[in-house]
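This report refers to the structure that appears directly beneath it.
What follows is calculated from the coordinates using simple rules that are stated; it is not laboratory data. These numbers come from a predicted model, not from an experiment. Note: ideal-geometry Cβ built from the backbone for every residue, glycine included; neighbour counts use all protein chains shown.
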Amino acid sequence: MDRTVPSSGNEEINLYLRTYYSLLRSSREVQITTLIEAHKRIHSALHVAADEPQPDMAAFIYAILRMPDCFSRIRLVVMGQSEQVFAKHGYPDIESWQQVTAPGRRRRSFYDGDQTFAVYIASRSDIDDLVPILTAYQIERRKLHHLFNKPAVMALLDEIQAQSGGLPDSGQLEKLKALTAVPFEDLQRLAQIWGQNTAARLLEIAREKQHLSIRSLAGSLADYKRATRRWWKNVERRAPDIVFDERPVYFISSNTHSMTNLLSGFALRHEVELDRFIYASGAEDLQQEYNDILQRNVPSSRENFLYYVLKKYEAANPQTEQERVVCERDLGIARVPSEHAFDIEMQVVSLNKLRPDCLDGRLRLPGIETLASSDALIVNIDYPLGLAAYQVLTEIARNTAQIRGVYIMGKAATLNGRIGDVMIPSVVHDEHSLNTYLFQNRFIADDVAPYLVYGTVMDNQKAITVPGTFLQNEGYMSVFYQEGYTDMEMEAGPYLSGIYEMARPQRHPQNELVNLYNAPFPIGILHYASDTPFSKGKNLGTRNLSYFGMDPTYATMIAILRDILGAEIKALQGK
C-alpha cells in the first residue's frame, strides 16, 4: 500500500481512503459523485442508510451542521494549507473573501460570493473529515431533491414562505411529512437549524441539483509543517512578554472556556448580575434549574451553572466579554487567537500571577500560595482535529524549555457507556500509525468522580483513535469491542505519537506495540462521552439543557488543574 495514504485495519475503509487520496492527486477538480460508491461500501456507522432510497436524515443533519450557511450555493470546494498555496494555484487574496463558519466544526473557511468555497486544512485529518462529509451530503441531498421536486411539495413550501415567513408550524410540518415521507421529527430538526430560512432552503433542494466538486492544492508533509510553524510564530508575536524557551510548560488540550472560568473566578464574582439575568431572560428552564440548585433539590454544581450562564450573559451584554478578558489578563491569563490556517486558539497562564482567592473553590489546594514563586506556564490549546494534534504538540515542545506534563481532555464515542460518562484509557490503538500505545495514565476514577454529578467514571479503559467520524463501521467497531476497546475518538493517538518523539531520539514507529510507561513527564488523558454509536445517533443534543454537557467538561478540567497545581506546589516546596 502507498504509505502516503493513511491506513486502517478495515479493508473497505482502506479502499475508500485509497480512492479519494488518489483522485485528489489530480491537478484538476474531482466530482464528489466519483466517490459515492466507495463511500457506500464502507457502511459507515454514521451513515447507515447511505444505500437506501429513503433519506438518512441523521447523516444529512450531521453534514449540514458542519457546513456554513452558504453551502447550498457551492459548486467547488478548494483545500489548501496556507494563503501562499492558494495564491500559487490561482486563488490570490482568499482572505479578502467572506469568512464563513459552521456550527459543528472549527475550520477557517472563505466564500467568494458565487460558487467557490476555500478551506484551510491543518493536516490530512481535515481531508479525512471533509471528504466523507461532502460525499454524505451529496448522497442525501440528491435523495431529498427527488422527494421535494414535486408540484404539491413546492406549492406547500411557497405557501409556508408567504404565510409563515419561512418557518413551518407543526401543521405544515405534518403536511410535508405526508407528501415526502420524511419523518416529522427530522423535519422539525431542520426547522430548528434553519429557522426562517427553512422553506427557502427546502425550495433550493427541490428546484436545483447541486453537483459538488473538490480540489486539493497541496498535500506534502512540508506544507503542513510550514502551516504549523506559521501558527507558532503568531503565538510568539502576540505574546512578546513570554520567553517560552526559558519557561517550563504544562500542556493542556481542551477548550477555550473551562480552564479560564475555573482560574479567573470572573463568573462567581458576578453572580448578582447573572442572577438578575437568569430571572429577566424569561427562560423558564434556566430559572427552574437555578432554583433547584439553590434549594438543593438537584445535585448540580452551582459554579458550573454560573459558568454556563456567563456565556449567554456575554452574548446579551457584549461589553462583559471585554471586562472578562481584562480580568484574565490581570491574573496572568493571556489569550492568543489564531490566524490563517490553524483555527486553534491558545491560552497561556503564568502560574505566579494567579490569585488563590479568585480560584474555583475546588482548586484551592493546601500550599496554593507558593505558586507566587513559580516560573511555570500552563499552555492550553483549543483541541485540534486528528493529526493536527501531533503537529501542534511537537511544535510547542520544540519551542519551550521543558514539558512538565501533557493533559488531554476531549470528546469521544462510547461503546459501553452513556452520554456524559468519563473514560480514562491506559491503552490507545491509533489508526493513523497502527501503533498500540501502553502508558500510565496520570488519572484514576477517584480523581474525577467527586466532581462529576450526572455520569460515571470508568478507568483502565482501552481507546481507539479513528481517522474520521464517518470512517468507522459497526462491523469494525464490533471487532474492537470484542477486544475490550470501548472509547473511540480522534486525537489521543497523534498526541501519543508526539509524546514518543519527545521521549525517544527517533520518529514514532508504525504498526508496533509501544511502551510509554517511562515517559519523562505525566500523561493524563480524559475522555467524556458525547455520543453512543451503537445507540443510533444519541448525543448531547438530546438533553433539554446543554449545560448538562458541561458536567463532564468541568469534572475533567478540575482533575487536570488539581494535578498540575498540586505537582507545581510539591516541586516548589521541595526546593
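For the pair segment 365-381 and segment 291-362, the centres of their Cα atoms are 18 angstrom apart.
When the alpha-carbon atoms of segment 340-444 are used, the pair Rg, Dmax equals 16.9, 47 angstrom. With Cα atoms as the point set, the radius of gyration and Dmax of segment 404-537 evaluate to 14.3, 44 Å.
Distance between the modelled labels on residue 416 and residue 516, one decimal in nanometres: 2.2 nm (7 Å Cα→Cβ projection). Multiplying the residue separation of residue 88 and residue 146 by 0.36 nm and subtracting their alpha-carbon distance yields 16.9 nm.
Only the Cβ atoms of Lys and Arg (+1) and of Asp and Glu (-1) were treated as charged; on that basis the dipole of the chain about its Cα centre amounts to roughly 940 debye.
With each label modelled as a point 7 angstrom along the Cα→C-beta vector, the residue 453-residue 196 pair spans 3.6 nm.
Summing charges over neighbours of residue 182, with a neighbour being any other residue whose Cβ is under 15 Å away from its Cβ, gives +2 when K and R count +1 and D and E count -1. Using alpha carbons only, the radius of gyration of segment 60-217 set against its Kirkwood radius gives Rg/Rh = 1.02.
Full extension of the chain between residue 95 and residue 178 yields a length gain of 25.4 nm, computed as 0.36 nm times the residue separation minus the alpha carbon distance. Each 5 Å bin, from zero up to the one with the longest distance, holds this percent of the alpha carbon pairs of segment 169-312: 1, 7, 9, 9, 8, 8, 10, 13, 14, 11, 7, 2, 1, 0. Over the chain, the reciprocal of the mean inverse Cα-Cα separation, the Kirkwood hydrodynamic radius, stands at 25.2 Å.
Sequence-distant contacts, meaning Cα pairs under 8 Å at least 6 residues apart, place the relative contact order of segment 221-573 at 23 percent.
Expressed to the nearest 5 percent, the antiparallel share of DSSP beta bridges inside segment 11-215 is 55 percent.
To check you understand DSSP bridge types, tell me what percent of the beta bridges within segment 405-465 (both residues inside) are antiparallel, rounded to 5. The answer is about 30 percent antiparallel. What angle do you read, to the nearest 10 degrees and between 0 and 90, between the alpha-carbon axis of helix 388-398 and the longest principal axis of the chain? The helix 388-398 is inclined about 30 degrees to the chain. Between 0 and 90 degrees, the angle of helix 284-294 with respect to the longest Cα principal axis of the chain falls at about 20 degrees.
Over the chain, dividing the summed -39,500 (n - 2.57) contributions of all DSSP H runs of at least 4 residues by the number of residues returns a 222 nm mean residue ellipticity of -13000 deg cm²/dmol.
By DSSP, the beta bridges lying fully in the chain are antiparallel in about 40 percent of cases. Restricting segment 187-241 to trypsin sites (Lys or Arg not before Pro) that sit in a DSSP loop and have at most 13 other Cβ atoms within 10 Å of their own Cβ leaves 209. Note on residue 316 and residue 273: the extension gain reaches 14.3 nm, defined as 0.36 nm multiplied by sequence separation minus the Cα-Cα distance. Between residue 288 and residue 154, the modelled label-to-label distance comes to 4.4 nm, taking each label 7 Å out from Cα in the direction of the beta carbon.
For the chain, the longest principal axis of the C-alpha atoms and the axis of helix 11-24 are separated by about 80°. What pairs in 40/150; 411/570; 233/311; 150/175; 311/353 have C-alpha atoms more than 21 Å from each other? Among 40/150; 411/570; 233/311; 150/175; 311/353, the Cα-Cα distance tops 21 Å for 40/150; 411/570; 233/311; 311/353.
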